[in-house]
Amino acid sequence: MYNPASKKAEEFINHEEITETLSYAEKNKRNVELIDAILEKARERKGLSHREAAVLLDCDIEEKNQEMFALAEQIKKDFYGNRIVLFAPLYLSNYCINGCTYCPYHLKNKHIARKKLTQADIEREVIALQDIGHKRLAIESGEDPKMNPIEYILESIETIYGIKHKNGAIRRVNVNIAATTVENYRKLRNAGIGTYILFQETYHKESYLQLHPSGPKHDYDYHTEAMDRAMEGGIDDVGLGVLFGLDKYRYEFTGLLMHAEHLEAVFGVGPHTISVPRLCPADDIDVADFSNALADDIFEKLVACIRISVPYTGMIVSTRESQKSRERVLHLGISQISGGSRTSVGGYSEPEPAYENSAQFDVSDTRSLDEVIHWLMEMEYIPSFCTACYREGRTGDRFMSLCKSGKILNCCHPNALMTLQEYLSDYASPETKELGEKLIAKELKRIPREKTREITEKNLELIAKGEGRDFRF
Ligand code: SF4
Ligand code: SF4
C-alpha cells in the first residue's frame with residue numbers, strides 16, 4: 001500500500017503506485033487540457049507530484065515539450081540565476097565487497113588496480129586540488145568494512161578540513177559512501193560533512209536485486225531507507241540520484257520523485273540535491289550490455305522535468321557527460337558541476353601510469369578546471385565556489401525555507417562573485433582572469449541592495465589585493 005510518510009521502502013517507493021502512475025501518464029500523454037493545467041501549476045514554482053510530472057515526461061507533443069524546456073530554463077534562472085557551483089570528486093579507496101554489475105569496483109574484478117589513500121596521500125591530493133582552486137569536494141569510497149571502516153572516512157574528513165595550503169582550503173566535504181547505520185551517520189554529521197549523497201542506482205526492486213547480486217548492497221530495503229537513517233542521525237542535507245540506464249527511465253524518474261516526496265512528508269525537507277548520472281563506459285563495463293542506456297534527447301527531457309517538479313533542489317551533473325551534453329543541460333536546470341575531475345584513486349597529485357587503471361568511470365569531459373571556468377564565463381554563467389550556507393548553519397529546513405522564498409538569492413549572487421574573485425586572484429590563467437574580472441564588474445551592478453553591493457565591492461577589492469579571503473553572506 002502506497003504511503004509517502006511510511007518508513008518502509010516498499011510503501012514509500014511502492015511498485016503498484018509506480019506502475020499505475022506510468023499507465024496514467026501513458027493514457028494522458030496527449031491530453032492537452034491536463035498538460036496545460038500541470039504546466040500552469042508548475043509555473044507557480046511549488047513543484048509537481050510524481051503523477052503530474054510523469055505526464056509531462058511522457059508527453060510527446062512538440063509544442064508542449066518546448067514549453068517545458070522554456071519553463072525549466074526560467075525556473076532555473078529564478079532559483080539559481082546564472083550561477084554554477086563547482087566541485088570535484090575525491091576517490092579515497094576503490095576496495096569494495098559488493099557485486100554491482102555496472103561498476104568496475106565490484107569484488108570480482110581482479111585486474112583493476114586496487115588502491116586506498118593513506119592520510120599522507122590524502123594530504124597530497126587535497127593540496128593538488130587546492131592548487132587548482134577547488135573549495136568543495138565530494139569524497140567517494142567503495143564499501144569495505146575492513147579496508148574502509150567509518151573511522152577511516154572520519155579521519156580522512158578531518159585531514160581534508162585541516163589542510164591549509166597557501167590561500168587554499170576545502171570548505172565543504174560532501175560524502176558519498178555506502179548506506180550505513182544511524183550511529184555512523186551521526187558520526188559523519190559531527191565530522192562536519194556537507195551533503196550526504198547516496199545514489200539509489202535503480203528504484204526497481206527486481207532489477208536492483210539482479211544488478212546487486214552480492215554484498216551488503218544487495219539489501220534493497222536497507223539501501224532505500226538509508227536517507228531516513230541519515231536524517232535521523234542529524235544530517236540535514238541529503239542528495240538523491242539514480243544511475244540512468246540501469247532500468248527504464250520512466251520508472252526511475254517516478255521513483256526519484258516519490259523519494260523526494262517521502263523525505264518531505266517525513267522530515268519536512270526534500271533532497272538538497274539530485275544528481276543525474278548516466279551509465280557510461282568503465283574498466284570492464286560496456287554500456288552496450290545495458291539495454292536501457294539513455295539517448296541524449298531523453299536525458300535532456302529528464303533534467304527539465306526534474307527541474308520543474310522539484311524547483312528548489314540543486315541539480316548535479318558530473319564529468320561523465322561530455323562538454324556538449326553539459327552545455328545543453330546547464331540551461332535546463334543543472335546548478336552544480338564537477339570540473340577538472342579525476343575518477344581514479346589518487347589521480348590529482350600524480351596521474352596514473354598507462355598500465356594502471358583505478359578509475360570508476362571514463363571521464364567524458366576531460367578539460368582542466370580553468371578551461372571549465374573559462375567556458376562557463378563565455379556563456380555568461382558565474383562559476384561559484386560558494387560554501388556559505390552550511391558554514392553559516394543554513395541547512396535542512398532553514399535552508400529550504402530561505403530557498404523556497406527566494407531570499408537565499410541575496411546571499412548566493414555576492415558570494416559567487418567573491419569566491420570567483422578568489423579563484424581569479426589565486427589560480428586563474430591570464431585569459432580566464434581577464435574574462436572573469438569583466439564579468440564581476442558587470443554582475444556587481446546587478447546586486448539590488450545598495451548596502452550588500454557596497455560590502456561586496458569592498459571585499460572584492462580586499463581579495464584582489466591579497467588582503468582578505470573567505471568573506472561570505
Ligand atoms: S557502485 Fe559502489 S558499491 Fe557498487 S561496486 Fe561500485 S563502489 Fe562498490
Ligand atoms: S549562499 Fe548557500 S545556496 Fe547560495 S551558493 Fe552559497 S552555499 Fe549555495
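Just so it is clear, none of the values below were taken in a lab; they were calculated from the coordinates. Just so we're clear, the structure is a prediction, and the values are computed from it rather than from any experiment. Don't worry about glycine lacking a Cβ; one is built from the backbone with ideal geometry, like all the others, and counts go over all protein chains shown.
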The range 9-76, relative contact order [Cα under 8 Å, separation at least 6], %: 35 percent
Tell me, what is the FRET efficiency for K438 and E461 to the nearest 0.05, using R0 = 25 angstrom and their Cβ-Cβ distance as r? 0.95
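Could you sort the peptides 209-219, 384-394 by per-residue average Cβ neighbour count (10 Å cutoff), highest mean leading?
Working: 209-219: 16.9, 384-394: 20.0.
Highest to lowest by the protection proxy: 384-394, 209-219.
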Return the loop-located trypsin sites (Lys or Arg not before Pro) in the range 425-470 (DSSP other than H, G, I, E, B) with at most 10 other Cβ atoms within 10 Å of their own Cβ; answer none if there are none. K445, K465
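Classify the range 205-260 from the C-alpha gyration tensor, please: rounded if a/c falls under 1.5, else prolate or oblate depending on whether a/b exceeds b/c.
oblate
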Förster radius 30 Å - calculated FRET efficiency between M147 and E350, Cβ distance, rounded to 0.05: 0.90
Relative contact order computed over the range 132-192 (Cα-Cα under 8 Å; 6+ residues apart), in percent: 50 percent
Project the alpha carbons of the range 337-434 onto their principal axes and report the range along each, largest first, in whole Å. 52, 34, 22
Quick one: how many lysine pairs does the range 329-466 have with C-alpha atoms less than 29 Å apart and a gap of 8 or more or different chains? Give me the count, please. 22
At a temperature of 37 °C and a viscosity of 0.692 mPa s, determine how fast the range 402-464 diffuses translationally according to Stokes-Einstein, using the Kirkwood radius over alpha-carbon pairs as Rh; express D in µm²/s, rounded to the nearest whole number. 270 µm²/s
How about the chain: what cysteines have no other cysteine beta carbon under 4.7 Å from their own? C59, C96, C280, C305, C386, C389, C403, C411, C412
Residue-wise HN-Hα coupling along the range 421-429, computed from phi with Karplus coefficients 6.51, -1.76, 1.60 (Hz; x: Gly, Pro): 4, 4, 4, 4, 5, 9, 9, 6, 6
In debye to the nearest 20, the charge dipole size for the range 373-455, taken about the Cα centre with +1 at each Lys and Arg Cβ and -1 at each Asp and Glu Cβ, equals 540 debye
Just flag the GluC sites (Glu not before Pro) in the range 1-79 sitting in loop per DSSP whose Cβ has no more than 12 other Cβ atoms within 10 Å. E44
Please name whichever of G314, A464, S6 sits farthest to the positive end of the charge dipole of the chain, dipole taken about the Cα centre and charges placed at Cβ: Lys and Arg +1, Asp and Glu -1. A464
Size of electric dipole in the chain: Cβ of Lys, Arg +1 and of Asp, Glu -1, about Cα centre, debye, nearest 20: 1400 debye
By the Cα gyration tensor axes a ≥ b ≥ c (a/c under 1.5 gives rounded; else a/b larger than b/c gives prolate, otherwise oblate), the shape of the range 9-76 is oblate
Let me make sure I get this right: for the range 81-366, a, b and c are the square roots of the gyration tensor eigenvalues over alpha carbons, sorted descending. Under 1.5 in a/c it's rounded, otherwise prolate if a/b > b/c, else oblate. Which is it? rounded
Mean separation of Cα contacts under 8 Å (6+ apart) over length of the chain, as relative contact order %: 19 percent
What's the long-distance tail for the range 245-309, i.e. % of Cα pairs beyond 21 Å? 33 percent
Suppose every Lys and Arg Cβ carries +1 and every Asp and Glu Cβ carries -1, with no other charges. What dipole size does the range 9-76 come out with about its Cα centre, to the nearest 20 debye? 300 debye
